[in-house]
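Okay, so here's the structure we're looking at.
The values are calculated or read from the model by the stated rules, or taken from the named source; none is laboratory data. Here the structure is a predicted model, which means the values were calculated and not measured. All Cβ positions, glycine included, derive from the backbone under ideal geometry; neighbour counts span all protein chains shown.
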Amino acid sequence: MLTGRVLKPGVLSTKSGGSSIGGNIFSIIRFSTHDGPGIRTTVFMKGCPLACWWCHNPENWQHLPSEIYRAERCIGCGQCIAACPSGALSAGAKGVVTDPDRCEHCGRCVDACPAGARERTSWRVGAADLVRSISRDAPFYDQSGGGVTFSGGEPLAQSDFLLAALQQCSKLEIHRAVETSGYAEPGTMLAVARRTDLFLYDLKLVDPQKHRIHTGVDNARILSNLRALSESGADIIIRIPLIPGVNDDTESIALAGEFITRLPCEHGVEVLPFHRAASVKYAKLGLSYRAENLTPPPPERVAEAARQLSKLGLTVNIGG
Ligand code: SF4
Ligand code: SF4
């Protein structure tokens, strides 16, 4: 959930700022209280190898920069359609429609729009510049026990950039959290672990077939990486997003709970109920929202899932 102040593209330099390593980020949220302990600066990085159909952050799927469309500002002039070299835009009943399979993110439609209805929403930044910006919030970290959280997308999908930023934050003694789907090369995961104080690790489904159906990827690597991180002594909060019809049944929760109890070390668990706040983002991106008809789980169901996990001896919190 976004609670803090959003830093807009353009505030940071797009140059490398002395570091040769740069990466693509979508936004920086300052004064967040939902992405780890204390007051945090959360960096949302672009790109994700998963395709969870209920995703709350569709703006971060693409590794490349993305464009947003605001139908309420559109005057229907069609200049974006004419400017698009890929034929990705067409006139629809509710405004201009984007074909995501054709769009190559060249940004020409943004430049062509006379009404400010199209906007670039992400940008490239050097690791040194990013850390310089993060470090401005250091007084708040000191007072609250906070720090920086790298989120996404999947931050490990830009591993060189992530490692460089983590290393520089480490030198400044900034507490570092990484929110991950766990879908990464094992060597990369352990390299990140050496520079990370806390993982916020998503565990969606333990059943491999269901995982493939709902996220588009196999979960063997996700489960083995979680086991390896636990074995390494990493501090981990395991986050279970509770998605109706996907993993809110007692069997899926039991499988997740059993997997966690068999890990080498003890870890806290957070249950995160599905919410529909992302609906507006899909509309702006011109994407269809597959979770449109999904109803958030009622509080009693969320509490019941948390109780089921607690009975296995796990320490469980319900997140927002
Ligand atoms: S960003 Fe996508 S939709 Fe816009 S002009 Fe380029 S290819 Fe076309
Ligand atoms: S150029 Fe801008 S105002 Fe014109 S149709 Fe495209 S989005 Fe709408």
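Taking the condition part of a loop (DSSP other than H, G, I, E, B) and within 8 Å of ligand 2 (Cβ to nearest atom), does G87 pass?
In short, no.
May I ask you to list the residues in region 176-189 that are buried (at least 16 other Cβ atoms within 10 Å of the Cβ) and more than 18 Å from G152 (Cα to Cα)? Walk me through how you get there before you give the answer.
Residues of region 176-189 buried (at least 16 other Cβ atoms within 10 Å of the Cβ): 176-184, 188-189.
Within region 176-189, none qualify.
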Return the residues of region 261-291 that are over 30 Å from E72 (Cβ atoms) and in contact with a helix residue (DSSP H, G or I) (Cβ under 8 Å, 6 or more places away or on another chain); say none if nothing qualifies. L263, P264, C265, H267, V269, V271
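For (1) of a type outside the set (A, V, I, L, M, F, W, C); (2) at pLDDT below 95; (3) within 30 Å of F199 (Cα to Cα), each residue gets a yes or a no:
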{"residue": "L89", "(1), (2), (3)": "no, no, no"}
{"residue": "R124", "(1), (2), (3)": "yes, yes, yes"}
{"residue": "S135", "(1), (2), (3)": "yes, no, yes"}
{"residue": "Y141", "(1), (2), (3)": "yes, no, yes"}
{"residue": "S151", "(1), (2), (3)": "yes, no, yes"}
Entirely in region 1-67, the strands (runs of 3 or more DSSP E) that have 2 or more residues that are at pLDDT below 80: 5-7
List every residue pair whose Cβ atoms lie under 7 Å apart, where the two residues are 6 or more positions apart in sequence or sit on different chains, the first residue falls within region 299-319 and is free of Cβ contacts under 8 Å to residues at least 60 places away in the same chain, and the second residue, located anywhere, is of a type in the set (D, E, K, R). R301/D248; N317/E270
Within region 57-95, can you find the residues that are touching a Ser or Thr at 6+ places or on another chain (Cβ under 7 Å), near ligand 1 (Cβ under 10 Å from one of its atoms) and hydrophobic (A, V, I, L, M, F, W, C)? I81, A88, L89
May I ask you to say which residue of G36, G78, G47 is small (G, A, S), within 16 Å of ligand 2 (Cβ to nearest atom) and farther than 16 Å from Y289 by Cα? G78
Quick one: how many residues across region 149-179 are assigned to a helix (DSSP H, G or I) and in contact with a Pro (Cβ under 8 Å, 6 or more places away or on another chain)? 2
Restricting attention to region 90-112, which residues are surrounded by 14 or more Cβ atoms within 10 Å (Cβ to Cβ), without any contact (Cβ under 8 Å) to a residue 40 or more places away in the chain, part of a loop (DSSP other than H, G, I, E, B) and in contact with a strand residue (DSSP E or B) (Cβ under 8 Å, 6 or more places away or on another chain)? C103
Do you know which residues across region 90-119 are within 8 Å of ligand 2 (Cβ to nearest atom) and either touching an Asp or Glu at 6+ places or on another chain (Cβ under 7 Å) or among the polar types (S, T, N, Q) (or both)? C109, R118
